[in-house]
Amino acid sequence: MKKWLLLMVVVAAFSAAALLPRLDSYQREGSLVLASLDAQVRVLRDESGVPYIYANSLDDALTAQGFVHAQDRLFQLELYKYLAHGKLAEFFGERGLRNDRIVRLVDISGFAGRQLLRISDAERNYLQRYLDGINDFIATRQDEYPLILGVMGHRVEPWTLEDILAIQYFRVWSSSVNWRQELLTLQLIDTLGTTRAHELRPLTINPDDPATAMETPLVVSQSLALSFDNSPLNPLAARYAMGSNAWASSADKSGGRAPILSNDPHLDARMLPGFWYPMAIITPQLRAVGGSAPGGPGLGVGRTGSIAWGATNGYSDMVDLYIESVDPGNDANYLEGERSQPFSTRTEQLRIKDGEQEGGYRVETMEIRQTARGPIISDHGMDIIDGKLLSLRWSVPEYAGPDSGNLDLLLAASVDEALVAIGKTTTPLNYIVADTAGNIARMASGVVPIRATGSGLVPLPVAGEDNWVGRIPPTKMPLQLNPSKGWVGSTNHRVTGADYPYAYSTHFAGSWRYSRLMELFEKQTISADDHWAFNLDIKNLLAERMRPAMIEVFGNDPELQPLARELAAWNLLDDQALAAPLIFQSVLRQFAMETFADDMAEPLLMDYLKQSYYWQERLLQWFEVGHSHWFDDKRTDPVEGRDELLLRAGRTTLAELTSQWGDQPSSWRWGDAHTIAFSHPFIPGKFAARWLGGGIHPYDGSGETLHRAIYSFDKPYETRINDSMRIIIDLADNEKVQAHFPGGVSERLFDSWNKNFLDSYLTGEKRYWWFSDKAIEAHVEYELLLEPSL
């Protein structure tokens, strides 16, 4: 009986595997009508499912782009739309609620609606043509909707231009994370006092300007007794995290023919089919290939016949918090200096999917007060001293222009034209651009306020005078153009010099990834293959600086000598097959906790340590000097120094790793602990990853390597942020670009294109997205003709 039951299960599984792809599919060849087109469009797909759109005009190409995005990623599009409008709880239930509260506080939907009235005709047409393609699919291809939407019982409504803009500005907001430092700094002041909090201020270093290592912002504020209950702005809550590496070598550095550009954007890219959607757009006036982002037209990273571009988060500070005072004589008002002003108010209704409620939803109401600067965030799950409030001010609603710059960048014919386009962009990025004439540049984008007072590290008390006196002009944003060294790059590190005249940011990545780039670019000539290898580089320069002291201290302790031997033999590569990376990461974690545990209680301690950009450079400075009063554990009588804390950290590491991986350090493996899991956003988690996702895999790299693999400090060592795409663009190669990403073109679970790039991504194998007509035609598997209506 058991054998027959097993046979039936096997037969059912194979039948489902054969049937489900057909049930959850769409038309890939032949012809169909799109009412929004002006002329026929050809959509060619290669063996990997990558679409190559041939159109007679850019307008028709954008419409076809919206259509193919909807074909392959309609669930993802709907997810992004609900995310951007603060309606994720309608889509996913309770787990979307925290996102919705913060999006409603910031009022991204309201801003999108207001901005729609201000955009230029060219920008409106650019967005509208893409929107038309999405809506053509929604209106005419209901029988091709992804199966998962039917399982959810989700009804797809036509999209609007407000939806496209909301997604665009949600992505800008998600890149603007510096305000978290302000909340953390307030908590440090409350706990430690201003003087000691000042000692912990972030140390930001630009390796191109050693003088920046001596420069630090001043921490000045008042104690607010700030605490968090269930605030959507709680620094302990998960956040949208981004990073990235991007660089370009000049024509001479690349062998004399043309520049080569590399980009690997860092996101939480564990959800299939991935953030990026590879494609090409080809018209008589334009040929472009690269990574597009469903929910918006054009390409986020890519190349044309004239230029190539990529980007990283530049972390320019576009959000400030303010300490507001309630009018003691009228609590419906706040003080603007000596003047009493009424709060403006708005009400937000959040619908939360809930099967136990009549109608399937419950409702939460948010009453939001605002000052001239923005919403009062301390009303929502925070405790603060009586009479004081915290408001949040975001520069984008104040300074965004009528054009996003995305269309101009797509059409740019040179680096100079690209820089003008980047100057219009509101996202706080560092762009890397190159052109076929041999020019290379790194330019920062975003609308950064000029601060007459304040550094952006701590909330500023409102005093009646506006401390924002405009925005930094695009021509004054950080720029490197054709430097003599022959390359430009960004690794989320500080890019301003010590003499930069504006308060730009206090939040940057540690200097080690960029320092590693500096080492790699010492090579005289850098080929496309070298660029690819740099993307996969796993040498840890933070470990290189900390390892000597670890070896010395552990080597003098008989119990810890096995750890010293592994570290001494280590080649400094964060290789999944080695023990030393696991030892180093564990010791680093334990040493940091030992340093600060006597000064901060939970949850502040973990909040502080989770923000590695706040403390790592500062702790390293003390570590290399060899002493700091912060190393003394005030809970004990003896005065501890660095080496005593290292011994503690080593012993805790030995106990922790022995309990998990056995008593032979030489048999431990970084990849046993440091893993990455790929799943579907509708069915997340490790169990689903094994059976319906992309599996769980050992993973090279760390947060300190160019091959990025960040884990959360409180959840070692599961990778949370990783390379969302790796792409190398050789402007001398007019046949292809080298690229892959952790996923596939299609979101449909049983589609062969759902995760067909994942294996290559995990092994580092090169894949290609085609650029020339000849190469595209040589790899065509499907051709779909999109016809205009008669």
Worksheet item: Rounded to the nearest 0.05, what FRET efficiency is calculated for Leu790 and Glu398 with R0 set to 45 Å and r the Cβ-Cβ distance?
Response: 0.40
Worksheet item: Of the peptides 546-554, 611-619, 432-440, how do they stack up when ordered by the mean number of other Cβ atoms within 10 Å, highest first?
Response: 432-440, 611-619, 546-554
Worksheet item: In what sequence, largest accessible area first, do Lys253, Lys523, Lys388 appear using a 1.4 Å probe?
Response: Lys523, Lys388, Lys253
Discussion item. Give me the one-decimal nm value for the distance between modelled label points at Trp661 and Arg28, 7 Å along each residue's Cα-to-Cβ direction.
Written reply: 4.1
Worksheet, complete the sentence: Under the rule rounded for a/c under 1.5, else prolate if a/b exceeds b/c, else oblate, using alpha carbon gyration tensor axes a ≥ b ≥ c, the chain is classed as rounded
Fill in: Estimated distance in nm for a label pair at Lys686 and Ala452, the labels positioned 7 Å out from Cα along Cα-to-Cβ
5.5
Worksheet item: Hey, can you rank 79-89, 349-359, 31-41 by average C-beta count inside 10 Å, highest first?
Response: 79-89, 31-41, 349-359
Response to the item:
Amide H neighbours of Met382 at under 5 Å, excluding residues fewer than 5 places away on the same chain, with H built from the backbone geometry, are Asp229
Discussion item. At 1.4 Å probe size, what's the solvent-accessible area of Arg129? Round to the nearest 10 Å².
Written reply: 50
Worksheet item: Accessible surface of Arg287 in the full protein assembly, 1.4 angstrom probe, to the nearest 10 Å²?
Response: 60
Practice prompt. Measure off 7 Å from each Cα along the Cα-to-Cβ vector at Glu783 and Ile696, then give the distance between these two points in nanometres to one decimal.
Written response: 4.7
Worksheet item: Suppose R0 equals 60 Å; then what is the FRET efficiency for Ala437 and Val151 from their Cβ-Cβ distance, rounded to the nearest 0.05?
Response: 0.70
Worksheet item: Of the accessible area of the chain, with the probe set at 1.4 angstrom, what percent is carbon plus sulfur?
Response: 52
Worksheet item: In whole Hz, what ³J(HN,Hα) sequence does the range 333-348 give by Karplus (6.51, -1.76, 1.60; θ = phi - 60°), x for Gly and Pro?
Response: 10, 10, 9, 10, x, 9, 8, 9, 10, x, 5, 7, 9, 8, 10, 10
Fill in: Solvent-accessible ranking of Arg346, Arg635, largest area first, probe 1.4 Å
Arg635, Arg346
Worksheet, complete the sentence: the range 403-445 and the range 466-505 have their Cα centres apart by a whole-number Å value of 15
Worksheet item: By the gyration tensor of its Cα atoms, with a ≥ b ≥ c the square roots of the eigenvalues, what is the shape of the range 667-790: rounded for a/c under 1.5, prolate for a/b over b/c, or oblate?
Response: oblate
Response to the item:
Ignoring ligands and nucleic acids, Val625 exposes an accessible area, probe 1.4 Å, in Å² to the nearest 10, of 90
Worksheet entry | Sites Asp643 and Met518, calculated FRET efficiency, Cβ-Cβ separation with R0 22 Å, nearest 0.05 | 0.10
Worksheet, complete the sentence: With the dipole of the chain defined by +1 on each Lys or Arg Cβ and -1 on each Asp or Glu Cβ, the option from Gly49, Gly423, Pro459 whose Cα lies farthest towards the positive pole is Gly49
Worksheet item: Going highest first, how would you order 194-202, 408-416, 576-584 by mean Cβ packing within 10 Å?
Response: 576-584, 408-416, 194-202
Worksheet item: Cα centroid distance between the range 67-87 and the range 651-676, in Å?
Response: 41
Worksheet item: Tell me, what is the per residue accessible area of the range 634-744 in Å², probe radius 1.4 Å?
Response: 39
Practice prompt. Take the alpha-carbon centre of the range 544-610, take the same for the range 735-790, and report the distance between them in whole Å.
Written response: 42
Worksheet entry | Amide hydrogen neighbours beyond the local backbone of Ser292, cut-off 5 Å, H modeled | Tyr277, Met279, Gly300
Discussion item. Test of understanding: what is the full-extension gain from Arg362 to Arg257, defined as 0.36 nm times their sequence separation minus their Cα-Cα distance?
Written reply: 31.6 nm
Worksheet item: Counting Lys and Arg as +1 and Asp and Glu as -1, what is the net charge of the other residues whose Cβ lies under 12 Å from the Cβ of Ser249?
Response: +1
Discussion item. Ignoring everything except DSSP H segments at least 4 long, calculate the 222 nm mean residue ellipticity for the chain; use -39,500 (n - 2.57) per segment, divide by total residues, nearest 500.
Written reply: -10500 deg cm²/dmol
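The values are calculated or read from the model by the stated rules, or taken from the named source; none is laboratory data. Quick caveat: nothing in here was measured; it's all calculated off a predicted structure. Quick reminder, even Gly has a Cβ in these numbers, built from the backbone with ideal geometry, and neighbours come from all protein chains shown. Note: accessible area is taken over every heavy atom of the protein model, side chains too, but ligands, DNA and RNA are not part of it. Shrake-Rupley method; radii C 1.70, N 1.55, O 1.52, S 1.80 Å.
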